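Worksheet: one structure, shown below.
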Amino acid sequence: MNPLAPLVPRLWTPEEALAAVTMLNTAVDAIWQVHGEAMVGAVADDPDRWPLDRLVNIEEDAMEDLPADEDLPY
């Protein structure tokens with residue numbers, strides 16, 4: 001069992017569950033865009049800690065569409 005499963009509300013509707021998955025996938029994509037290159041380096045440095053088969057949705061172009069620094073909200 002996934003250790004985070006108990007944190008998922010059982011009363012969600014299917015639409016709410018799909019909205020949560022969509023939001024989380026969007027967040028994962030954003031993390032890869034901002035930190036992808038460094039994360040790939042971390043995997044290369046310690047492949048036993050970060051096995052590649054557990055990483056999902058690694059897109060080849062994750063680093064291509066980074067926003068300009070002045071477009072970041074912080």
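The values are calculated or read from the model by the stated rules, or taken from the named source; none is laboratory data. Just so it is clear, the structure is predicted and the values come from calculations on it, not from any experiment. Cβ atoms come from the backbone with ideal geometry, glycine included; neighbour counts cover every protein chain shown.
Between residues in segment 5-32 that are within 22 Å of VAL43 (Cα to Cα) and residues that are among the charged types (D, E, K, R) and surrounded by 11 or more Cβ atoms within 10 Å (Cβ to Cβ), which pairs lie under 8 Å by C-beta distance while being six or more apart or on different chains?
Within 8 Å, the pairs are ASP29/GLU59; TRP32/GLU59.
Quick one: is GLU59 modelled with pLDDT under 85, touching a Gly at 6+ places or on another chain (Cβ under 9 Å) and among the charged types (D, E, K, R)?
When the stated conditions are applied, GLU59 passes them.
Only one residue in LEU24, LEU18, LEU11 is at pLDDT 85 or above, assigned to a loop (DSSP other than H, G, I, E, B) and not aromatic (Phe, Trp, Tyr), so which one is that?
When all the criteria are applied, what remains is LEU11.
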